[in-house]
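**Student:** Structure below; questions to follow.
Readers should treat all values here as calculations from the given coordinates under stated rules, not as data from a laboratory. Just so it is clear, the structure is predicted and the values come from calculations on it, not from any experiment. Cβ: placed from backbone, ideal geometry, glycine included. Neighbour counts: every protein chain shown.
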2 protein chains.
Amino acid sequence: MLEMAILGLLNEAPMHGYELRKRVLALLGGFRALSYGSLYPALKRMREQGWICAQDPVDTSRVLPADAPPLTGKRGKVVYALTAEGKERFQGLLTDGGPEAWEDERFGVRFAFFAQTDVDVRLRILEGRRRRVEERRDGLRASLSRTRERVDRYTLELQQHGLDSVDREVRWLSELIDSEKVDRVAVDGNENTL
Amino acid sequence: MLEMAILGLLNEAPMHGYELRKRVLALLGGFRALSYGSLYPALKRMREQGWICAQDPVDTSRVLPADAPPLTGKRGKVVYALTAEGKERFQGLLTDGGPEAWEDERFGVRFAFFAQTDVDVRLRILEGRRRRVEERRDGLRASLSRTRERVDRYTLELQQHGLDSVDREVRWLSELIDSEKVDRVAVDGNENTL
DNA sequence: TTCGTCATGTAATGGGTTACATGATTAC
DNA sequence: GTAATCATGTAACCCATTACATGACGAA
């Protein structure tokens, strides 16, 4: 999750860690916090993998080697940028509409980069997501009709609110899917018009 | 989170691990999965702490000591029950309306046991939760009005949907708070009627 | 000059998941 | 008899958080 967010943001423009953190937070709508304790180690890992490189804060024309020492003493902004491998990796993630793409943790990030994603992949992910949320809705509905009358007000209230939330999400996804389909027909004319 | 859920469910009735897992899942509306890899170690920890005890599956009149061997070979259902300390611990958690009670991870569980929670504690938690969600809403609103027009359709769509969700949650909480206040006035008459 | 925020990182720790290993019971 | 589901656990791992340590820069 973090990985794709970082790759995607650095794909737009190089930037330093502190700013990256703020952008990631904004990207996901400020839902979850992102601590430096997970950001910097992630950047380090990705540098070791060769996906990103770090600009030397002293001599800005130089790139820091992946195994560079932690820069004790005088430190400055370290600007990170995607390498060719990093760009490739990001493109790969963009094309991958596999099952995990529509799970809770991933979906938000995948969606955030939909503008750079292919229509068919977008549709696969949206439909997969909808199925996922519908499953949850059906489970919740079943449990609600089973337990109603037998449980206290608060349990009922919590389950009802949960059900309303997933219902809303299903409707939202359905609208997005419909509008994607309209767009797709408008673009490639005939095939898969079902 | 897990700890309170387990204590609360065992407070209703003794049960074995497998059933406990299903109940925890139902309790939180099936939102998150709960694997045995986190349930059983949690039960083990709680047994060591003295909050719960495990019934010997062979001689059901006996209680397994906390440091009992893992029962290789023939295994049967292990029924867990709260000890006196466990009941005390649960009561303590019920009374604690501290700041973490209204954070995302805890709120669901706290709410699930509201029927056993004091009105004043309920109100504290609900109001804390509302403040928390309002903060998020305001951050989201600010970010939305800042970026609108400058971002793509999908980013906008995601942020708008997020905003709608938190708006709905604030309204839900407000309704609950109002109805709690009505109840409280009905019960203790005058003080804090503001 | 001191406070707030910008800025970079590490170490310890925690809490969870997946994958694995094992066996009992029930329904077909 | 065999498949599904009930049932109990461990071990390896992953990813994130908290707390810590350090320092630069601009504004009051």
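**Student:** Considering the zone a paramagnetic label at residue B:135 would reach in this model (a point 7 Å from Cα along the Cα-to-Cβ line), which residues of segment B:76-116 have amide N under 15 Å from it?
**Tutor:** Answer for segment B:76-116: B:98-107.
**Student:** Is the C-alpha gyration tensor of chain B telling us rounded, prolate or oblate? Criteria: a/c under 1.5 is rounded; beyond that, a/b larger than b/c is prolate, otherwise oblate. Please report the intermediate quantities before stating the final value.
**Tutor:** On the way: a/c = 3.40, a/b = 1.64, b/c = 2.07.
It comes out oblate by the Cα gyration axes.
**Student:** Taking the Cα centre of chain B as the origin, how large is its charge dipole in debye, to the nearest 20, when only Lys and Arg (+1) and Asp and Glu (-1) carry charge on their Cβ atoms? Numbers along the way, then the final one.
**Tutor:** On the way: 32 positive and 32 negative charges, 153 e Å.
The dipole of chain B has a size of about 740 debye.
**Student:** Hey, another quick one. If I histogram all Cα-Cα distances within the protein assembly as shown using bins 10 Å wide from 0, what percent of pairs lands in each bin?
**Tutor:** 4, 17, 23, 23, 19, 11, 3, 0
**Student:** Put +1 on the Cβ of each Lys and Arg and -1 on the Cβ of each Asp and Glu in the protein assembly as shown; which of A:160, A:185, B:98 then has its Cα farthest toward the positive end of the dipole?
**Tutor:** The residue sitting most towards the positive pole is B:98.
**Student:** Right, something else. Compute the FRET efficiency between residue A:87 and residue B:156 as 1/(1 + (r/R0)^6), taking r as their Cβ-Cβ distance and R0 = 25 Å, and round to the nearest 0.05. Please list the in-between numbers first.
**Tutor:** Details: r = 25 Å, r/R0 = 1.01.
Using R0 = 25 Å, I get an efficiency of 0.50.
**Student:** When you have a sec, figure out the Kirkwood radius of segment A:101-188 from all distinct Cα pair distances and drop it here in Å to one decimal? Show your work: numbers first, answer last.
**Tutor:** Numbers: mean 1/r = 0.0690 Å⁻¹.
About 14.5 Å for segment A:101-188.
**Student:** Convert each backbone phi in segment A:129-136 into a coupling constant with the Karplus relation 6.51 cos²θ - 1.76 cosθ + 1.60 (shift: θ = phi - 60°), then list the ³J(HN,Hα) values in order as whole Hz, x for Gly and Pro.
**Tutor:** Per-residue couplings from phi come out as 4, 4, 4, 4, 5, 5, 4, 4 Hz.
**Student:** Mind putting a number on the dipole of the protein assembly as shown about its Cα centre? Charges go on the C-beta only, +1 for Lys and Arg and -1 for Asp and Glu, and I need it in Debye to the nearest 20. Kindly include the intermediate steps, with their values, before the conclusion.
**Tutor:** Values: 64 positive and 64 negative charges, 113 e Å.
The calculated dipole for the protein assembly as shown is roughly 540 debye.
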